[in-house]
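S.K.: I have a structure here, written as structure tokens, and I will follow up with some questions on it.
The values are calculated or read from the model by the stated rules, or taken from the named source; none is laboratory data. In this text the structure is predicted, and so the values were computed from the model without any measurement. Here the Cβ positions follow ideal geometry from the backbone for every residue, glycine too, while neighbour counts run over all protein chains shown.
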Amino acid sequence: MARIGFVGLGNMGGPMARNLLKAGHQVAGYDLVPAALEAFAAGGGTAAASAAAAAAGADFVVTMLPAGKHVRDAWLGAGGMAAAAAPAAILIDCSTIDVDTARAVAAEAGRPMLDAPVSGGTMGAEAGTLTFMVGGPDGAFASAQPILAAMGRTIVHCGTAGAGQAAKVCNNMMLAANMIIASEALVLAEKLGLSHRALFDVVSKSSGQSWAMTTYCPVPDLVPTSPANRDYRPGFAGALMLKDLRLSQEAAKSAGAATPLGAEALALFERFVAEGGGETDFSGIIRMLRGG
Ligand code: NAD
């Protein structure tokens with residue numbers, strides 16, 4: 001049993017913190033939103049009075065916050081958690097943020113720190129089946145593994161600080177491009193008089209195969225897990241995909257990498273969100289590509 005401070009009890013952090021409680025850990029949680037804190041306390045957690053109070057005395061301190069500026073403020077700002085945490089505490093940021101901020105916060109925190117963004121969405125957070133992509137020192141990774149295992153099923157140590165965020169932006173850039181090209185192929189098939197089923201049956205066994213097509217197919221009635229079956233209710237919202245594509249392009253720019261398809265995917269998702277797709281599942285981009 002470990003003492004854990006958990007800050008950011010939103011759509012992802014709430015269920016992740018509950019899974020830590022279920023695994024028998026003692027969890028002190030904090031969120032700026034009182035309702036999130038009350039829901040956490042109602043589930044058996046200890047409500048802390050501040051982020052620093054959640055961090056004080058903990059063996060592990062976890063954050064699950066919206067973006068880089070929230071992570072920097074929470075860890076390093078006035079009354080920050082890095083100073084409040086015990087010298088031996090292991091800090092784990094599970095938020096999806098830019099690689100440069102992840103590296104800078106880890107360097108300035110003065111404590112062993114891991115960046116550990118996730119994939120698997122709110123369903124994976126509820127079920128405890130998230131994938132963690134982890135960057136940071138070997139020793140901290142080894143110590144944190146049982147904590148991450150209480151919230152996820154697949155845990156990959158990707159390298160030093162920032163490597164987890166690097167893996168996340170690369171994965172989601174591929175996911176966006178795969179979803180766009182799967183959608184374009186389905187729309188082209190429609191124009192060519194080829195049924196969705198026929199294209200799906202060929203592609204799912206051929207070299208055009210992708211997770212976007214076979215697990216998350218952007219048209220209804222082919223894959224049970226597909227948001228297309230429920231009128232594109234998320235799932236993974238267009239606004240979150242847009243956020244991750246912006247992070248991938250920031251990373252590409254900062255690293256001097258050419259990612260022309262990633263840049264085009266960003267432009268298409270910017271249009272999708274501008275046209276009202278932000279709250280729709282990201283696979284709903286097929287409707288924009290169809291022109292409907
Ligand atoms: P969310 O907005 O539901 O939760 C964020 C929580 O952080 C909110 O409850 C907010 O009040 C709290 N917060 C913000 N600043 C704070 C502070 N200084 N102190 C304490 N609490 C603070 O967001 P979410 O969907 O849970 O996403 C969290 C992170 O996980 C994001 O980086 C997101 O990109 C990433 N992510 C989300 C999903 C998803 O499907 N929702 C999937 C993978 C990764």
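S.K.: Is it the case that the stretch 229-243 has a residue that's over 30 Å from residue 162 (Cα atoms) and either touching a Phe, Trp or Tyr at 6+ places or on another chain (Cβ under 8 Å) or touching a residue at least 40 places away in the same chain (Cβ under 8 Å) (or both)?
M.R.: Yes, that holds for at least one residue.
S.K.: Moving on. Report, by residue number, each residue of the stretch 229-243 that is out of contact with any strand residue (DSSP E or B) (no Cβ under 8 Å at 6 or more places or on another chain) and within 11 Å of the ligand (Cβ to nearest atom).
M.R.: Those that are out of contact with any strand residue (DSSP E or B) (no Cβ under 8 Å at 6 or more places or on another chain) and within 11 Å of the ligand (Cβ to nearest atom): 239, 240, 241, 242, 243.
S.K.: Within the stretch 244-259, is even one residue more than 15 Å from residue 287 (Cα to Cα), in contact (Cβ under 8 Å) with a residue 60 or more places away in the chain, of a type outside the set (A, V, I, L, M, F, W, C) and in contact with a strand residue (DSSP E or B) (Cβ under 6 Å, 6 or more places away or on another chain)?
M.R.: No.
S.K.: Still on this model: Determine whether the stretch 130-143 contains at least one residue that is farther than 23 Å from residue 246 by Cβ and within 16 Å of the ligand (Cβ to nearest atom).
M.R.: No, because not a single residue in the stretch 130-143 is farther than 23 Å from residue 246 by Cβ and within 16 Å of the ligand (Cβ to nearest atom).
S.K.: Looking only at the stretch 146-200, which residues are within 30 Å of residue 3 (Cβ to Cβ) and of a type in the set (Lys, Arg)?
M.R.: 153, 168 - these are the residues of the stretch 146-200 that are within 30 Å of residue 3 (Cβ to Cβ) and of a type in the set (Lys, Arg).
S.K.: What tally of residues in the stretch 83-129 results from selecting those that are under 23 Å from residue 244 (Cβ atoms) and either touching a Gly at 6+ places or on another chain (Cβ under 8 Å) or within 15 Å of the ligand (Cβ to nearest atom) (or both)?
M.R.: Adding up the residues that qualify gives 32.
S.K.: So, in the stretch 190-219, how many residues would count as being surrounded by 14 or more Cβ atoms within 10 Å (Cβ to Cβ), within 25 Å of the chain's Cα centre (by Cα) and part of a loop (DSSP other than H, G, I, E, B)?
M.R.: Qualifying residue count, the stretch 190-219: 6.
S.K.: Within the stretch 1-53, how many residues are of a type in the set (Lys, Arg), free of Cβ contacts under 8 Å to residues at least 40 places away in the same chain and farther than 18 Å from residue 116 by Cβ?
M.R.: The total comes to 0.
S.K.: Right, here's the next one. Go through the stretch 125-145 and give me each residue that's in a helix (DSSP H, G or I) and free of Cβ contacts under 8 Å to residues at least 40 places away in the same chain.
M.R.: Of everything in the stretch 125-145, those that are in a helix (DSSP H, G or I) and free of Cβ contacts under 8 Å to residues at least 40 places away in the same chain turn out to be 127, 138, 139, 141, 142, 145.
S.K.: With the stretch 1-104 as the region, which helices (runs of 4 or more DSSP H) entirely inside it contain at least 1 residues that are surrounded by fewer than 24 Cβ atoms within 10 Å (Cβ to Cβ) and among the polar types (S, T, N, Q)?
M.R.: Qualifying helices (runs of 4 or more DSSP H): 13-22.
S.K.: Kindly provide the set of residues from the stretch 239-292 that are closer than 13 Å to residue 169 by Cβ and among the β-branched types (Val, Ile, Thr), ordered by number.
M.R.: 259, the sole residue that qualifies.
S.K.: Next question, about the same structure. Quick one: what pairs do we get from the stretch 273-292, first residue aromatic (Phe, Trp, Tyr), second modelled with pLDDT of 95 or more, C-beta under 6 Å, 6+ apart or different chains?
M.R.: Listed by first residue and then by second, the contacts come to 282/238; 282/241.
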